[in-house]
1. For MET61, which sequence-distant residues (separation of 5 or more, or a different chain) have an amide H within less than 5 Å of its own amide H, given hydrogens modelled in the peptide plane?
2. With labels modelled as points extended 7 Å from the Cα through the Cβ direction, what inter-label distance (nm, one decimal) is found for ASN129 paired with GLN241?
3. So for each of 36-43, 67-74 I average, over its residues, the number of other beta carbons within 10 Å; can you give me the resulting order with the highest mean first?
4. Show me 119-129, 231-241 ranked by packing, highest mean number of other Cβ atoms within 10 Å first.
5. Sort HIS209, HIS115 so the one with the fewest other Cβ atoms within 10 Å of its own Cβ comes first.
6. For the range 219-231, in order, what is each residue's ³J(HN,Hα) by Karplus, 6.51 cos²θ - 1.76 cosθ + 1.60 with θ = phi - 60°, in whole Hz (x at glycine and Pro)?
7. Sorting check: for 162-173, 210-221, 189-200, which peptide has the highest mean count of neighbouring beta carbons within 10 Å, and how do the rest follow?
8. May I ask you to evaluate 6.51 cos²θ - 1.76 cosθ + 1.60, the Karplus curve with θ = phi - 60°, for each residue of the range 88-101 and list the ³J(HN,Hα) values in order in whole Hz, giving x for glycine and proline?
Amino acid sequence: MADEDNENEMQLHQNMNEYDGQNGSILWDCVIISDLHLGSEVCQAQELERFLEWVVSRTRMLIINGDIFDDLNFKRLKRHHFNCLRIIRRNTDRPDFRVIWMRGNHDGPADIISHIVGVDILDEYLFDNGPLKLWILHGDQFDTIVSGYKGLTEFFSALFRGIQMVVPLRWCRWIRRLSKDFQRNTPVIRHRATEEAKRRECNSVTCGHTHHAEDTVVNGIRYINTGTWTEQTPCPYLWIQGNEMGLSQWPGEEQATLEFK
Ligand SMILES: [Mn+2]
């Protein structure tokens, strides 16, 4: 199995190199986004659609690091939400491009989600190009509130969805932010993720989950959180090029050079 994986990986790199010669628009080895919350009223699906359309021809790999969906009620998906899924699915068969889906706590059981997106959903993934050993996982694994009180978390999620239907969007974002701040999980996840990354001999780690985008160093381990696509734009994404990586925002400077159909 491991050999097969290795072979697939080598084939992918070979395809990528061949493709490089034909296309000068590739900017990055990998792009990572998280916490899209498709189906949620506060999801920036329209901007996400524009971003995905743009990024699929500019990176060799796209990793969606959890909370792809807000919940498993797919009746809540609107046109732009479906368009986002369509763009990703349309590009999954390309030999020069790879999409990796990671599970988040909002996504429900991995087998159901795998069936919907048509590929395997991973709990964690290691991006390793030699100098950069980046451990990728959603981060809810370190959240004692979510993992310790499942029933309570579900209750508040349902309550929040109820509130969302009757108050303006601006308030929804504010309430969501307040509840995340109240849980105070941002420092806990930052601390535990970097500790565990160190134990695994990775020099960097990226999570989502907290919806708080940041790029910092803790005990010599680089920690990048990719925030969320449910806040006001611009929305964050992590890019990797060689042994460099960083957070950028969409829409940003790149967009100035864009032409949309
Ligand atoms: Mn989330």
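Each reported figure results from applying straightforward, stated rules to the coordinates on display, with no laboratory input. Note that this is a predicted model, so its numbers are computed, not measured. Cβ placement follows ideal geometry from the backbone for every residue including glycine, while neighbour counts extend to all protein chains displayed.
1. CYS30, VAL31, ARG98
2. Rounded to a tenth, the inter-label distance reads 1.0 nm.
3. 36-43, 67-74
4. Ranking the peptides 119-129, 231-241 by packing returns 231-241, 119-129.
5. Numbers: HIS209 30, HIS115 11.
Ascending Cβ contact count within 10 Å gives the list HIS115, HIS209.
6. 6, x, 9, 6, 10, 10, 10, 8, x, 7, 9, 10, 8
7. Put in order of decreasing packing, that is 189-200, 210-221, 162-173.
8. My calculation for the range 88-101 gives 5, 4, 4, 9, 6, 8, 5, x, 9, 9, 10, 10, 10, 9 Hz in order.
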